[in-house]
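The values are calculated or read from the model by the stated rules, or taken from the named source; none is laboratory data. For clarity, every value in this text was computed on a predicted model and none was experimentally measured. In this analysis, Cβ positions are derived from the backbone assuming ideal geometry, glycine residues included, and neighbour counts consider all displayed protein chains. Just so you know, the surface numbers come from the protein's heavy atoms only, side chains and all, with ligands and any DNA or RNA stripped out. Shrake-Rupley method; radii C 1.70, N 1.55, O 1.52, S 1.80 Å.
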Amino acid sequence: TVCPPALKSAIECAIKMQMVLDEFDTGVVSSSSCNETDQSATIKLRLKIIVTYGNIDILHVAQSSPSSTRARWEYLAGGDAIKQVLDVDFLTSPGGIVLSQQVLNVLTQTNFIFQKPYDTLMRESFHVVTKTCLITSALLNQVLDKKKYLAEIANQLDHKLFTPTPFEGELENVLRSYVEPSVIGIMERCIQGLELTTVETSDSYDSEQFHSMLSNHTTLRRVSVMFVNIISRVSCNSLAEQDSRLQTIFSIILWFVQQYDGQLYKFVFDDKGLICISVFGLGKTGTQANHALKATRAAMSICDALSAQNEKTVIGISTGQTFNGFIGNPWRYEFSFYGDAVNIAARLMTHLKTVLSPILENNNNNNN
């Protein structure tokens, strides 16, 4: 039996990612540091990586907007491969990689056929008794050469020239439906910057120029962040039934988020289940006031509406300063917002699974 190439690539990719990004220095001074010149207090990146194997379902959900004639679309990946994340998430810790049972079933049938040094790494991390495969940070650094990986990545990202390929016609109109209107305005300004840069440098430009251009559209703003977690465990008899349920959930959440001048950022399955992330205070100037109050009212309306659909929901809300802008590289980038307010909202949402209240707010919201 031959190991599926996609699975083998996923495992090797996870190993390389962890080698390069574990303890990666972001250069951002920790807010808990008293001395901002102390570089040892900068925030280090830690990752938990989970590799699964199985079928996935790609569903597209949509909802008409109360403020626009254009429908807002999202795509959502679900299915067995996504559910496996929930089964093994507790096994790993920051800096580690865990493989699901389905991955191990395939690997044992193929006798763990990997080239060195991956072969050594996989065999030393596999536990026969518990039938688990946990690749720890310590094992990664013991078996593999981190300096080698860092050098390889540095060469691959050495300011390669590239030429943007714009979307045109009907394809552009379709893709716009998957993007928040407030983000489209920022994207259009970025595209104008790309066109100007391309003109100045003939047909291509390097990634350093690209990142400099993106940084011009990054802002620091006080916003309110809302995390919605659907914790109902509903068994659907068919893909159509599952699609209908997710469509209803998405429609309800998006409708109230937009009614209260918010923007839906993500609608995804992750290690916490079905998650919807929204932000309030990033829209047009006239919609930015009282964003903490608007987020709270949206959350209450969402809870009531989903409860009527027999969906159990927990919501965390936090207000604070966030960085807002595009992150990524010339080949793949997206609009994002990040900061303590985002992390706190996520933690409040997770905490609510152990208490009775469906909505929990950070006390800082009272200062808005």
> If Ala151 passes every condition in (1) small (Gly, Ala, Ser); (2) over 26 Å from the mean Cα position of the chain (by Cα); (3) at pLDDT below 75 but one, which one does it miss?
Replying inline: (3)
> Looking only at residues in the range 87-144 that are modelled with pLDDT under 80, of a type in the set (A, V, I, L, M) and open to solvent by 20 Å² or more (accessible area, probe 1.4 Å), which one is nearest to Ile15 (Cα to Cα)?
Replying inline: Ile113
>> Considering only residues that are over 22 Å from the mean Cα position of the chain (by Cα), of a type in the set (A, V, I, L, M) and either surrounded by fewer than 14 Cβ atoms within 10 Å (Cβ to Cβ) or under 30 Å from Ser212 (Cβ atoms) (or both), which ones fall in the range 301-338?
In response: Ala308
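Taking Gly320 as the residue in question, decide whether it is in contact with a strand residue (DSSP E or B) (Cβ under 6 Å, 6 or more places away or on another chain) and modelled with pLDDT of 85 or more. Before you say what the answer is, go through the steps one by one.
On the way: in contact with a strand residue (DSSP E or B) (Cβ under 6 Å, 6 or more places away or on another chain): no; modelled with pLDDT of 85 or more: yes.
It is false that Gly320 is in contact with a strand residue (DSSP E or B) (Cβ under 6 Å, 6 or more places away or on another chain) and modelled with pLDDT of 85 or more.
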